[in-house]
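Take a look at the structure below.
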Amino acid sequence: MEYLATGQEMSLMDKLGILSDAAKYDVACTSSGVDRRGNGQSIGNCLAGGICHSFSSDGRCISLLKILFTNECIYDCKYCLNRCSNDVPRATFTPEEVCTLTMEFYRRNYIEGLFLSSGVIQSPTFTMELLYRTIWLLRNKYRFNGYIHVKAIPGADAELVQRIGFLVDRMSVNLELPTAEGLRNLAPNKHRKNILTPMRQIQNHIKMNKEELVLYRNAPRFVGGGQATQMIVGATPENDYQILNVAESLYDKFELKRVFYSAFVKVNEDKSLPTLPGGPPLLREHRLYQADWLLRFYGFKAAELLDEKRPFFNVMLDPKEDWAVRHLEQFPIEINRAPYETLLRIPGVGVKSAKRIVAARRSGNLTFADLKKIGVVLKRAIYFITCSGRMMYPTKLEEDYIVRNLTSVKDRIQFGSDGMSYKQMSLFDDNSFQRILLPEEKLAVAVGQF
Amino acid sequence: MLVFQCEDSLEGIFTGIYNAYEQKSRPEDTMMSLNEELFLFAEYQTVRPDAEKTLKVIRTLQNRFGEEDYHHICLALSTPEPMKAQAVYQTVSLGLRYSGAVKGHLFDNLANDYVNKAFTLGRTAGNENCHMRGFVRFQELESGILYSKISPKNNLLTFLMEHFADRLPVENFVLHDEGRGLFGVHPAGKQWYLLSGAEVCTEADRFRLSERELHYQELFRYFCHKIAIKDRENLKLQRNMLPLRFREYMVEFNKQLNIG
């Protein structure tokens, strides 16, 4: 076939180099969301938590074999390394090559599965067909039972998107840029509508499939790991508030599993792209992820974290601390009484520690020492909580005071710096009188062996 | 006080727990010990591991506390910590006394020192288990067998074998715990088993890699190199996520093999 002709002489090593290099700006390299036991006859299983197999020198996890099928592209998106006006080496895998690589890497436990994206070659439908053929081979001929994540190409035939959905665990359509205007400026060949159509289609089909699965347990699963998307942060002038609102509506209206943010890395020189003297906006990306977690697991709304008057995240404080110091009227929170949803709002208390607090306080009142054992980050939490009606230290419930303490390392109250008590100790309030002795201690006292 | 001296194994400790219950000894005056250290005025019993008693304890734990908490106990017992037997025993005895019939609440009372200890141990081992699942690297030998050396801090071989047997049922593979001299062997399509012994160890060094093995190692190393974004380089983060102690056995960090 014609499209294979250029790649024929190139070695597999060169192709892998070019096509993983081209895929590295795609985020969403997770392998979570699906629990599938091995079937005893072919290679592969999936774990709901996902598995990270390695970490590259930028600290991001390598979980899937993240490659493009081809980096030939008919589009000219200004931010993209593979745009058609760039003079970069081009390569195209054959479906067999992708399959062999995946299988050989997988059985050596290098990877958790395949992440397949592609430049648009000839037309979106043609490209999607190539992806479909590859995935079909991998599932049916190579009988691969591990994780597969495929990008849906906007504008491809709906029938193809649906057929591929039954073969893969996760699908994603790249939103590319947070707003339609940004997309018009930087990706002239892509349209917001084309991106949202397959997203909606996948959403509807997942819903339908869930109902099917209730009726027929063995019905084929459609995109079992849910749908994801990603957008570039910092290439266009949107503020954090806009981006967060977009993410929120994607979660609410499109029922996405994840939205990924990728700090813009300038790979092309173009007059419509911003200059980034300080490197990619990594802190901004980090704050967005923090806020994203607050939306999904902590019951926050985008409008609570930011608003039109303060459209950007605080650089010094994380979004939760920032929210807390602006809502001091809701604090301090009593650890032994507060409901789970309220516990989640305390800085330094995460989903796990909130759950543990709720479980542990059934057997008795919790103290600050217990909280530390449970895993609460006391250096952040102490300004906002009480245990049995007392704060740990005499702190002021003032915005300035708390912000100063949270941000500067020097002024911060160190946990346990004063023997962890809020009052002068005397002989008679030694707590160990009240507690039942451990067997080792009894024995040690009786025989004088310490 | 009654001290049960157990062997450092799942079977040993579970039998100890069984004996303690059989003799109706009070948990406050009972200790599970793994070492030979003696206390004055304490009564000692040496526990001989017993398969039947172990199974009974396992069944009780699973029925009362559920699969997940039982798994957590097993993880806690895979650590090298000498306190683990006592912590698990006290946790279980507390759980049997208070937790009623609701499953999944064994480790609720984290304010209790024993429960906390058992929980922390289980979590430590569980974290390493997660790491090892990802960081194990198989090498293909001439005979087509996949072989991997590991040396985790905790004794995770059984957990890893279970995972990989489910994942690679059609492969012949061997996991070699170098530090403990243990082998997990999985013949294709059959039940896996454990082996120990020095003879196998010396033989292991004579294995030769298959021809294409180095090619795929080089491919993966190249992939790991290419997938990193230069502008975002962050070696400290990489070290946090993938501590140096794991890298010894991972092909992408192995500098000596540079063929390609």
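The values are calculated or read from the model by the stated rules, or taken from the named source; none is laboratory data. Note that the coordinates shown come from a computational prediction; the quantities given were computed from them, not determined experimentally. Counting neighbours? That spans all protein chains shown, and the Cβs are built from the backbone with ideal geometry, glycine included.
Worth pointing out:
- Note on the range A:27-51: residues that are within 10 Å of chain B (Cβ to nearest Cβ), out of contact with any Asp or Glu (no Cβ under 8 Å at 6 or more places or on another chain) and surrounded by 20 or more Cβ atoms within 10 Å (Cβ to Cβ) amount to 2.
- A:Phe331 falls short on exactly one of the conditions (1) within 26 Å of B:Leu94 (Cα to Cα); (2) out of contact with any Leu (no Cβ under 6 Å at 6 or more places or on another chain), and that condition is (1).
- Pairs meeting the criteria (first residue in the range A:25-38 and free of Cβ contacts under 8 Å to residues at least 24 places away in the same chain, second residue surrounded by fewer than 18 Cβ atoms within 10 Å (Cβ to Cβ) and outside any loop (DSSP other than H, G, I, E, B), beta carbons under 9 Å, at least 6 apart or on different chains) are A:Arg37/B:Asp166.
- Residue check: B:Arg133 meets all listed conditions (1) of a type in the set (D, E, K, R); (2) crowded, with 20+ Cβ neighbours inside 10 Å; (3) modelled with pLDDT under 90 but one, namely (3).
- In the condition set (1) in contact with a His (Cβ under 8 Å, 6 or more places away or on another chain); (2) among the small types (Gly, Ala, Ser); (3) touching a residue at least 40 places away in the same chain (Cβ under 8 Å), B:Ser78 is compliant with all but (1).
- The range A:274-309, residues that are within 16 Å of A:Met231 (Cα to Cα), touching a residue at least 40 places away in the same chain (Cβ under 8 Å) and assigned to a helix (DSSP H, G or I): A:Arg284, A:Glu285, A:Arg287, A:Leu288, A:Ala291, A:Asp292
- The residues of the range A:255-302 that are closer than 20 Å to A:Ala28 by Cβ and of a type in the set (Val, Ile, Thr), listed by number, are A:Val259, A:Val265, A:Val267.
- Subset of the range A:241-264 that is within 16 Å of the chain's Cα centre (by Cα) and among the hydroxyl-bearing types (Ser, Thr, Tyr) - its residue that is surrounded by the most Cβ atoms within 10 Å (Cβ to Cβ): A:Tyr261
- Here the range B:109-140 is the region considered, the condition is being touching a His at 6+ places or on another chain (Cβ under 8 Å) and aromatic (Phe, Trp, Tyr), and the residue that is farthest from the other protein chains (Cβ to nearest Cβ) is B:Phe119.
- A residue that is within 23 Å of B:Leu219 (Cβ to Cβ), outside any loop (DSSP other than H, G, I, E, B) and away from chain B (no Cβ under 13 Å) occurs somewhere in the range A:85-94.
- Residues that are touching a Ser or Thr at 6+ places or on another chain (Cβ under 6 Å) and crowded, with 18+ Cβ neighbours inside 10 Å were ranked within the range B:142-155; the one that is nearest to the other protein chains (Cβ to nearest Cβ) is B:Asn154.
- The residues listed here are A:Glu112, A:Glu97, A:Glu104; of these, the one that is surrounded by fewer than 23 Cβ atoms within 10 Å (Cβ to Cβ), within 12 Å of chain B (Cβ to nearest Cβ) and closer than 17 Å to B:Pro169 by Cα is A:Glu104.
- Cβ-Cβ under 6 Å pairs, at least 6 apart or on other chains, the range B:215-233 side more than 7 Å from chain A (Cβ to nearest Cβ), far side assigned to a helix (DSSP H, G or I): B:Gln217/B:Val251; B:Arg221/B:Glu252
- A count restricted to the range A:291-300 and to residues that are closer than 18 Å to A:Gly348 by Cβ and crowded, with 16+ Cβ neighbours inside 10 Å stands at 4.
- Pick from the range B:1-47, criterion under 15 Å from A:Leu443 (Cβ atoms), in contact (Cβ under 8 Å) with a residue 24 or more places away in the chain and among the hydroxyl-bearing types (Ser, Thr, Tyr), ranking: surrounded by the fewest Cβ atoms within 10 Å (Cβ to Cβ): B:Tyr44
- Out of B:Tyr114, B:Tyr89, B:Tyr98, sole residue that is under 25 Å from B:Met32 (Cα atoms) and touching a strand residue (DSSP E or B) at 6+ places or on another chain (Cβ under 9 Å): B:Tyr89
- B:Leu55 being in a helix (DSSP H, G or I) and buried (at least 21 other Cβ atoms within 10 Å of the Cβ): no
- As for the range A:59-66, it holds at least one residue that is in contact with a Lys or Arg (Cβ under 9 Å, 6 or more places away or on another chain), modelled with pLDDT of 90 or more, of a type outside the set (A, V, I, L, M, F, W, C) and surrounded by 20 or more Cβ atoms within 10 Å (Cβ to Cβ).
- Single unsatisfied condition, B:Ala85 versus (1) of a type outside the set (Lys, Arg); (2) within 28 Å of A:Leu443 (Cβ to Cβ); (3) free of Cβ contacts under 8 Å to residues at least 12 places away in the same chain: (3)
- Scan of the range A:248-270 for residues that are touching a helix residue (DSSP H, G or I) at 6+ places or on another chain (Cβ under 6 Å) and either closer than 30 Å to B:Lys230 by Cβ or not in a helix (DSSP H, G or I) (or both), ordered by number: A:Phe254, A:Glu255, A:Leu256, A:Val259, A:Tyr261, A:Ala263, A:Val265
- Tabulated pairs, the range B:238-252, first over 16 Å from A:Ser57 (Cβ atoms), second surrounded by 13 or more Cβ atoms within 10 Å (Cβ to Cβ) and of a type in the set (Val, Ile, Thr), C-beta under 9 angstrom, 6+ apart or interchain: B:Tyr249/B:Val136; B:Tyr249/B:Ile150
- The range A:105-195 holds strands (runs of 3 or more DSSP E) entirely within its bounds, and those carrying 2 or more residues that are without any contact (Cβ under 8 Å) to a residue 60 or more places away in the chain and within 27 Å of the chain's Cα centre (by Cα) map to A:113-117, A:147-151.
- Criterion: within 14 Å of another protein chain (Cβ to nearest Cβ) and among the β-branched types (Val, Ile, Thr) - qualifying residue of A:Val267, A:Val259, A:Val246: A:Val267
- Which listed residue, of B:Thr60, B:Thr79, is away from every other protein chain (no Cβ under 13 Å), out of contact with any strand residue (DSSP E or B) (no Cβ under 8 Å at 6 or more places or on another chain) and over 25 Å from A:Glu440 (Cα atoms): B:Thr60
- When A:Arg345 is tested against (1) assigned to a loop (DSSP other than H, G, I, E, B); (2) within 18 Å of B:Leu110 (Cα to Cα); (3) among the charged types (D, E, K, R), exactly one condition is not met: (2).
- Some residue of the range A:227-239 being at negative phi and part of a helix (DSSP H, G or I): no
- Yes/no for A:Thr100 being in contact with a Pro (Cβ under 7 Å, 6 or more places away or on another chain), within 19 Å of A:Ala23 (Cβ to Cβ) and in the same structural domain as A:Leu47 (by TED's automatic domain parsing): no
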